[in-house]
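Enquirer: The following block contains the structure, expressed as structure tokens.
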Amino acid sequence: MQVFGRIYDQLLAEGTVVPRQVHVPPSLPSRDLLCMVHDTEYVEAFCSGSLDEQRMRRIGFGETTRSHVLIDRTLAEVAGTLLTAELALAHGLACNTAGGTHHAFRDYGSGFCILNDLAVTAELLLRQGRVQRVLILDLDVHQGDGTAHIFSGRQDVFTLSVHAERNFPARKQSSHLDIALPDGTADAEYLRVVAEVLTGVLQEFRPDLVLYDAGVDPHAGDALGRLALSDDGLRRRELLVGGDAHRGWAWWGLNMLRTCHVSGSVAS
Ligand SMILES: [Zn+2]
């Protein structure tokens, strides 16, 4: 959990951001807001610290799941992504140092993800009529199964996941478009694939907003990742996504966030 604070410190220390560019959510999301995409019983059980053993095990945090620290942190991640989207709509680009909890389903969490901040944010902005089409671009090394399931069959949300074929989750869901990469895929092939599919989806779907789950776990240094990107490969990926998504669209949101497995490459 310390990773989020360390990312914040690193960004300030290296001058990537200055303090006036840092925003803190003014409040935590209401349960009604969370229930736009999550089951009411699940939200109530988690928020009241009474989640059952089976669902706690599936999330992976054990007894900590019932602690106020984790409950508040989880809610703050959702609040952060909501604020990030607001800032992206106002300024064109914004990043969240946390969130991207794409393994969270409607009525259970999985893979260290409890509430799906991406889904809550997309759903709210669509219901408010602020946007008509949202692309959820998931380049974490693990498939965005919770997000895919929540938005299955929807026409106003497009879920695109580029992930390692043999990685978690074992049972994949169907995104609007899934690209499953073989073990060991490295910079050149990875970047070629991302460029090709992203260009096609942007041209066809024409989103008003892109929520980007920028997992760094495709990095070769991630022991559980199975892919082989270098530092430079990840850097080029962000430039590629930023350039393609920004070009020709009025707004786009960049959720620069990490989710399940924390990689040593975060601070590199
Ligand atoms: Zn991951």
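Enquirer: What order do Asp187, Asp231 take when sorted by accessible area (1.4 Å probe), most exposed first?
Expert: Ranking Asp187, Asp231 by accessible area, largest first, yields Asp231, Asp187.
Enquirer: Now for a separate question. Can you give the convex hull volume per residue for the Cα atoms of the stretch 52-201, as a whole number of Å³?
Expert: 128
Enquirer: Can you send over the carbon and sulfur percentage of the accessible area for the stretch 1-108, probe radius 1.4 Å, protein chains only?
Expert: Using a 1.4 Å probe with all protein chains present, the stretch 1-108 comes out at 53 percent carbon and sulfur.
Enquirer: Still on this structure: Just tell me, in residue order, which DSSP H segments of the chain are both 18 angstrom or longer along the helix axis (alpha-carbon based) and at least -1.0 in mean Kyte-Doolittle hydropathy.
Expert: Within the chain the helices that satisfy the rule are 68-91, 187-205, 231-246.
Enquirer: Compute the accessible area per residue over the stretch 11-106, keeping the other protein chains in place, probe 1.4 Å, unit Å².
Expert: 49
Enquirer: Something else: What are the extents of the Cα atoms of the chain along their three principal axes, listed from largest to smallest and rounded to whole Å?
Expert: Extents along the principal axes, in whole Å: 47, 42, 40.
Enquirer: Counting pairs of alpha carbon atoms under 8 Å apart in space and at least six apart in sequence, what relative contact order in percent does the stretch 1-70 give?
Expert: Rounded, it is 17 percent for the stretch 1-70.
Enquirer: Using the beta-carbon distance between Leu93 and Glu44 and R0 = 45 Å, what value does 1/(1 + (r/R0)^6) give for FRET efficiency, to the nearest 0.05?
Expert: E between Leu93 and Glu44, to the nearest 0.05, is 0.80.
Enquirer: At a probe size of 1.4 Å, how large is the accessible area of Ser230, to the nearest 10 Å²?
Expert: 40
Enquirer: Between Glu14 and Met36, what is the label-to-label distance in nm when each label sits 7 Å out along the Cα-to-Cβ direction?
Expert: Result: 3.3 nm between the two label points.
Enquirer: A further question on this structure: So for the chain, averaging the separation of alpha carbon pairs under 8 Å that are six or more residues apart and normalising by length, what relative contact order in percent results?
Expert: That works out to 20 percent.
The values are calculated or read from the model by the stated rules, or taken from the named source; none is laboratory data. What you are looking at is a predicted structure, and each value in this text was computed from that prediction instead of being measured. No Cβ is skipped: glycine too gets one built from the backbone with ideal geometry, and neighbour counts run over all protein chains shown. These area figures cover heavy atoms from the full protein model, side chains too; ligands, DNA and RNA do not enter into them. Shrake-Rupley method; radii C 1.70, N 1.55, O 1.52, S 1.80 Å.
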